[in-house]
Amino acid sequence: MINIPKGTKDMLPNESFKWRHVYRIIDNLTKKYNIKEIATPTFESTELFVRGAGEGSDIVNKEMYTFLDKGERSITLKPEGTAGVVRSFIENGLFNNPLPLKVYYKTPCFRYEKPQAWRLREHHQFGVEMFGSDNVESEVEIFMFLNDFFRSFDITPTFSINYLGCSECSQRYKNLLRDFVKPNLKNFCSDCNNRYNKNVLRMLDCKVDSCKELLQCAPRLADNLCESCSAKFNKIKKSLDNLNIAYIVDTNLVRGLDYYTGTVFEILNITQDQGQVALGGGGRYNNLVEELGGKPTPVIGFGIGLERLMMYLDSVGYKYGEDDTPDIYIASAIEDSTVISKLASNIRQNGYSVEYDLMGRGLKAQFKYADKLNVKFVIVIGEDEVNNKTLTIKNMQQGIQDSIKQEELINYLEERL
Ligand code: HAM
């Protein structure tokens with residue numbers, strides 16, 4: 001037998017109602033916020049991600065699924081959703097739309113990571129990117145959306161936020177950090193030594209205890225923001241306070257992708273087995289559109305890991321409230337089965353779900369099957385009922401049975417379903 005690749009998951013039929021539930025919430029909420037859907041290819045030119053996620057990121061350095069296609073082009077399965085959307089924004093002239101342009105996507109992402117319960121090699125993200133506004137209001141809109149999104153699942157999102165600053169204050173801070181780290185550089189892990197040259201800010205994010213210790217007295221980004229960045233960050237925090245959106249400021253939060261420029265955030269909720277898990281993350285990236293060949297355009301966005309979201313929902317005992325069982329089973333042993341097909345078609349056209357025998361089972365076995373399906377009603381039709389244009393219908397939960405005219409069926413169901 002050939003097994004599923006390591007770090008990937010099948011979505012099985014008995015779990016599909018969870019995905020449907022999540023997608024329904026995404027569809028409803030994006031509509032309320034006037035966010036339109038966008039879809040980009042599962043693979044893109046490798047260069048897009050190298051320039052997008054950045055050469056300093058673990059994603060580009062270690063985790064990409066890259067291969068040469070038959071035309072000798074270097075292709076990469078998308079490790080994240082943002083770069084493809086930005087490429088599409090530029091290539092399709094979406095900047096000609098009235099701004100801000102708000103788009104969302106649901107996409108598979110591929111990262112060659114060490115698989116763990118909450119870490120997959122193929123995962124799915126729901127993401128939003130908002131193009132065109134550099135105003136604090138767009139930050140607030142994104143946080144409000146996320147707050148509404150998680151509350152739709154009865155989750156209180158735990159936001160960690162930080163502000164990376166404009167190019168001047170971020171450059172100044174990077175120099176300060178390099179100066180601080182340099183005398184001790186050989187005592188940091190090899191990843192940090194790489195980060196020192198490629199993107200020194202990422203050292204702040206290192207999970208190795210000895211590196212964390214060495215950085216304990218490092219200068220803090222928050223203390224080194226210029227006046228205007230500091231005012232902007234304060235305004236964002238004040239707006240969140242006014243909206244009762246809870247957050248903590250984590251001055252070491254820099255995120256794993258190189259494109260972020262200002263506000264960065266993660267939704268870090270506590271799980272029983274893993275401690276803190278990032279259900280989502282994002283931030284502002286005002287230089288990426290230009291870096292990928294477009295006109296300078298400020299953008300802010302986020303991505304939420306859907307498998308992680310659903311694992312978290314399971315871990316807190318979330319009730320999906322989705323009813324995945326068919327409404328009706330038609331049990332019959334009559335000669336002309338098209339009578340049953342027609343009846344089923346009529347019931348479906350009226351909005352109810354219905355199943356009937358496709359396996360050539362006898363009546364007794366059909367009842368057994370209907371029981372297993374956990375249907376709400378079983379309709380029984382024999383030759384007599386066909387001739388009299390009647391049917392017998394049994395309410396499986398209440399055990400009540402009625403004999404009605406076939407033409408009364410839809411009314412009967414409307415009153416009871
Ligand atoms: P990210 O933080 O790399 O950001 O990923 C977003 C979310 O995807 C994570 O918070 C996590 O829930 C989920 N995720 C990431 N890797 C895995 C994995 N290996 N297994 C399961 N879930 C995973 C981005 O990708 C950015 N593109 C987000 C963004 C959009 N920033 C601005 N716009």
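Below are the figures for this structure:
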{"read-out": "Cα-based shape type of the range 1-56, given that a ≥ b ≥ c are square roots of the gyration tensor eigenvalues and the cut on a/c is 1.5", "value": "oblate"}
{"read-out": "Of all accessible heavy-atom area on the chain, the percent that carbon and sulfur account for (1.4 Å)", "value": "48 percent"}
{"read-out": "Gaussian network model of the chain, springs between alpha carbon atoms under 10 Å - residue of Tyr260, Tyr356, Tyr285 with greatest fluctuation", "value": "Tyr356"}
{"read-out": "Highest to lowest packing among 346-353, 302-309, scored as the average C-beta count within 10 Å", "value": "302-309, 346-353"}
{"read-out": "Candidates Glu266, Glu63, Glu129, ranked by Gaussian network fluctuation over the chain, Cα under 10 Å, top entry", "value": "Glu63"}
{"read-out": "Where a label projected 7 Å from the Cα of Asn92 along Cα→Cβ would reach, residues of the range 100-122 with amide N under 20 Å", "value": "100-109"}
{"read-out": "Cα centroid of the range 295-322 to Cα centroid of the range 49-83, whole Å", "value": "23 Å"}
{"read-out": "Cα convex hull of the range 327-417 - mean projected area over all directions, nm²", "value": "5.3 nm²"}
{"read-out": "Whole-number Å³ per residue for the convex hull built on Cα positions in the range 47-137", "value": "134 Å³"}
{"read-out": "Dimensionless Rg over Rh [the range 1-152; C-alpha; Kirkwood]", "value": "0.99"}
{"read-out": "Three-way shape call for the range 87-162 based on the alpha-carbon gyration tensor, with the a/c threshold at 1.5", "value": "oblate"}
{"read-out": "Computed Kirkwood radius, in angstrom, where 1/r is averaged over Cα pairs of the range 21-81", "value": "13.6 Å"}
{"read-out": "Mean ellipticity per residue at 222 nm, deg cm²/dmol - from DSSP H runs of n ≥ 4 across the chain, formula -39500 (n - 2.57)", "value": "-10500 deg cm²/dmol"}
{"read-out": "For the range 137-172 versus the range 239-262, the gap between their alpha-carbon centres in whole angstrom", "value": "5 Å"}
{"read-out": "The range 272-370 - Rg over Rh from alpha carbon coordinates, Kirkwood radius", "value": "1.34"}
{"read-out": "Kirkwood hydrodynamic radius of the range 131-230, Cα pairs, Å", "value": "15.8 Å"}
{"read-out": "GNM top mover of Lys389, Lys106, Lys207 - the chain, alpha-carbon springs below 10 Å", "value": "Lys389"}
{"read-out": "Mean-position separation - Cα centroids, the range 199-230 and the range 2-26, in angstrom", "value": "38 Å"}
{"read-out": "For the range 215-327, fraction of C-alpha pairs farther apart than 21 Å, in %", "value": "55 percent"}
{"read-out": "Accessible area expressed per residue, the chain, with surrounding protein chains retained (probe 1.4 Å, Å²)", "value": "52 Å²"}
{"read-out": "Coordinate range along principal axes, alpha carbons of the range 235-282, Å, largest first", "value": "36, 29, 16"}
{"read-out": "Three-way shape call for the range 150-309 based on the alpha-carbon gyration tensor, with the a/c threshold at 1.5", "value": "oblate"}
{"read-out": "Zone residues, the range 291-322, relative to Phe17, backbone N less than 12 Å from point 7 Å out along Cα-to-Cβ", "value": "319-322"}
{"read-out": "Around Cys192: net Lys/Arg minus Asp/Glu count, Cβ-Cβ under 11 Å", "value": "+4"}
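The values are calculated or read from the model by the stated rules, or taken from the named source; none is laboratory data. If you're wondering where the values come from, they're calculated on a predicted model, not measured in any experiment. Positions of Cβ are generated from backbone atoms using ideal geometry, with glycine treated the same way; all protein chains shown enter the neighbour counts. To get the accessible areas, we keep the full protein, side chains included, count just its heavy atoms, and leave off ligands, DNA and RNA. Shrake-Rupley method; radii C 1.70, N 1.55, O 1.52, S 1.80 Å.
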